[in-house]
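Let me begin by presenting the structure, written as structure tokens, before commenting on it.
The values are calculated or read from the model by the stated rules, or taken from the named source; none is laboratory data. What you are looking at is a predicted structure, and each value in this text was computed from that prediction instead of being measured. Areas reflect the complete protein model, heavy atoms only, side chains present, ligands, DNA and RNA absent. Shrake-Rupley method; radii C 1.70, N 1.55, O 1.52, S 1.80 Å.
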Amino acid sequence: MIGTVLNWWAWVETVLCVIIGTPIVAIVYAFTAPFDKGRYAAGRAFRLVAVFATRINGLWSFHTRGRITDPRRPYVVIANHESYADVFLISCFPWEMKWLSKDTMFKIPCMGWMMQMAGDVKLVRGNRDSTLDAIAQCRDRLSKRVSVMIFPEGTRSRTSEMLPFKDGAFRLAIESGAPILPIAVAGTRNAMAKGTFKFLRSKALAEVLEPIETTGMTMADIGTLKQLARERIDAGRRKLDAELGLRTFATDGAVA
């Protein structure tokens, strides 16, 4: 009974945060857009809507760890993807980054409007023209000294194992000369599992890992860069999982 009530409260407060946050983001956008070409302020205001919704959610205890020296140095930020709740958790980091998101998210009233004002990047899956346009938009955001956030798995994993990483984020990093910034995420799978929109009790952590410089790399290095980033995130999430007491791993990498 208590869980049901808290689930309904989580939905109510999240929807209210989105509705109330929309005019606030619109005001920030209107006042800053003429001189803030990277929409840093509007994007940060949008992210803070998610942060506030997370803080008052009675089912979630979300925390982040780690910092970056210069929030205006553009990174290609990547993370493992466990659930929709990853967006709320990663938004808690205290700097702005533009999100590469599927087009259906932009169609949600209020939410989609804020994403557009924030300068997030729309992607229609399976559409080559949309992919090329999204890459161009990501380059544009990086050139305006704003980081770009991409889930290299492409979608949420249904199991505890990460899906293979796609090349896009790493190609973008090499072409633009931006470093890869890996983030390890743990605990969000229990907050909102794939295939359901039900809020569940969860304690989650996200940690910034050591950046990977791409200076001097070429397209021939995509495979190596991708493998290094994946290994770094995998090790990071396993450490966080152990810290949270979620699961243990055998030495060969299998779930124990």
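Quick notes
- DSSP bridge pairs, the chain: antiparallel proportion in percent, nearest 5: 25 percent
- Here LYS203 is the anchor, and the lysines within straight C-alpha reach of less than 29 Å, apart from those fewer than 8 places off in the same chain, are LYS98, LYS102, LYS166, LYS194, LYS226, LYS239.
- Every helix of 4 or more DSSP H residues in the chain counts as -39500 (n - 2.57), and over all residues that averages to -14500 deg cm²/dmol at 222 nm.
- Ligands, DNA and RNA left out, the accessible area of the chain computed with a 1.4 Å probe is 62% carbon and sulfur.
- Per residue, the chain exposes an accessible area of 48 Å² to a 1.4 Å probe, with every protein chain left in place.
- For volume of the Cα convex hull per residue in Å³, the value computed from the atomic coordinates appears in the list (1) 127; (2) 183; (3) 168 under label (1).
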